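The values are calculated or read from the model by the stated rules, or taken from the named source; none is laboratory data. Keep in mind that what you see is a predicted model, and the values were worked out from it rather than measured. Counting neighbours? That spans all protein chains shown, and the Cβs are built from the backbone with ideal geometry, glycine included. For the accessible areas, the whole protein counts, side chains as well, though only heavy atoms, and no ligand, DNA or RNA atoms are used. Shrake-Rupley method; radii C 1.70, N 1.55, O 1.52, S 1.80 Å.
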Amino acid sequence: MHMIIYSLVEASTAEEALSTGKTVFDRLVGAEPQSCAVFDYYVTFDDEDTTVAGKARWGDLPTAAPITSEEGEELLERAWETTKKEFQRNLTRVKQALEEHSDDEIMRDAGLARHAFKRVGASRGPSICLYDQHATGIRHRGHLDRLLEEKVENKTCWIVPADVHF
């Protein structure tokens, strides 16, 4: 499966933002020795060679955009809406599992209940589409607001999208 993830990074230029974003995405695919893969691979939107991912799959998204630009605001809104929808979808599955199954059935993962619990509690991977520059998932609005407050004031915050496979 494919999805778009986004990284919020500090940078002075689009090139620097893309480079820092790729470092984040490298961590998420396990390309660094100390990192743990939660996605199989990624393609950023500067890649013109692929015919099955990035622009070829999702259209012409910016490679990187300042968070205060119109493009940046649109990407951030898209990322946050996806985050909320995915959380709500998984939370609904958890609530249904608790209503419909006994403890023993849940222990045996009836209806993939334990999988839903894991997805609600995840801090990285397919349940999370927005990351900071340390590859930490942004899971709630308070975390996002703190990042934006400190970085937007300095006008150094960029958002970098990538197409990931999981």
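Odds and ends about this structure:
- Inside segment 70-107, residues that are open to solvent by less than 30 Å² (accessible area, probe 1.4 Å), polar (S, T, N, Q) and either at pLDDT 95 or above or closer than 22 Å to Phe25 by Cβ (or both) make up a count of 1.
- Index of the failed condition, Val24 passing every other in (1) of a type in the set (Val, Ile, Thr); (2) without any contact (Cβ under 8 Å) to a residue 24 or more places away in the chain; (3) touching a Ser or Thr at 6+ places or on another chain (Cβ under 6 Å): (2)
- Which listed residue, of Ser7, Ser35, is part of a strand (DSSP E or B), touching a helix residue (DSSP H, G or I) at 6+ places or on another chain (Cβ under 8 Å) and either open to solvent by less than 50 Å² (accessible area, probe 1.4 Å) or at positive phi (or both): Ser7
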